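The values are calculated or read from the model by the stated rules, or taken from the named source; none is laboratory data. Keep in mind that this is a model prediction, so the values were computed, not measured. Don't worry about glycine lacking a Cβ; one is built from the backbone with ideal geometry, like all the others, and counts go over all protein chains shown.
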């Protein structure tokens, strides 16, 4: 394990843990609150948990020096919309369990990457075929994902609490 891969995995674990701790402390009404422009908080947390395997797979594709093809924002939005419909009634317990399992697996996969793999770049269709490194893909997706959604969730919950 390289220091870089370990640091990336640590950051992913911290973000997932922060999201899980915040979600675990929500009331039932807050868990079911719809974040403006998004879905219910429970669905968003489940979304983060459920896409770790895909985000890691994409990073591993780059680590192998292969391009990421046919992954566009249109495809991502379609997958997210389908997920939201299918998981609209997902329980907090199942969601937090999935978040723990998938973030641990993602962190382990990241720790298995060498510095050379982190540095490999190939075209990424999601980013206009720009050649991006595996490390960038990890940082911009799997590592950042929980932090991004946690900030939006916190803001929605704070607005709800302030209005009460």
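Overview of values
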item	result
Residue match in segment 27-37 (condition: in contact with a helix residue (DSSP H, G or I) (Cβ under 7 Å, 6 or more places away or on another chain) and closer than 16 Å to residue 125 by Cα)	no
Residue list for segment 7-16, filter: touching a residue at least 40 places away in the same chain (Cβ under 8 Å) and either exposed (fewer than 14 other Cβ atoms within 10 Å of the Cβ) or under 13 Å from the mean Cα position of the chain (by Cα) (or both)	9, 11, 12, 13, 15, 16
Residue in segment 49-66 that is farther than 16 Å from residue 97 by Cβ and modelled with pLDDT under 95 present	no
Filter result for residue 20 (within 18 Å of the chain's Cα centre (by Cα), under 24 Å from residue 139 (Cβ atoms) and assigned to a helix (DSSP H, G or I))	yes
Exclusive hit being exposed (fewer than 14 other Cβ atoms within 10 Å of the Cβ), assigned to a helix (DSSP H, G or I) and touching a helix residue (DSSP H, G or I) at 6+ places or on another chain (Cβ under 9 Å), set 104, 142, 94	94
Count of segment 113-131 residues which are closer than 19 Å to residue 7 by Cβ and not in a loop (DSSP other than H, G, I, E, B)	5
Filter pass, residue 123 being surrounded by 14 or more Cβ atoms within 10 Å (Cβ to Cβ) and either closer than 12 Å to residue 55 by Cβ or without any contact (Cβ under 8 Å) to a residue 60 or more places away in the chain (or both)	yes
Failed condition for residue 89, given (1) exposed (fewer than 13 other Cβ atoms within 10 Å of the Cβ); (2) modelled with pLDDT of 95 or more; (3) over 27 Å from residue 118 (Cα atoms)	(2)
Test: residue 74 is more than 25 Å from residue 24 (Cβ to Cβ) and part of a helix (DSSP H, G or I)	yes
Residue match in segment 24-43 (condition: in a loop (DSSP other than H, G, I, E, B), over 30 Å from residue 163 (Cβ atoms) and in contact (Cβ under 8 Å) with a residue 40 or more places away in the chain)	no
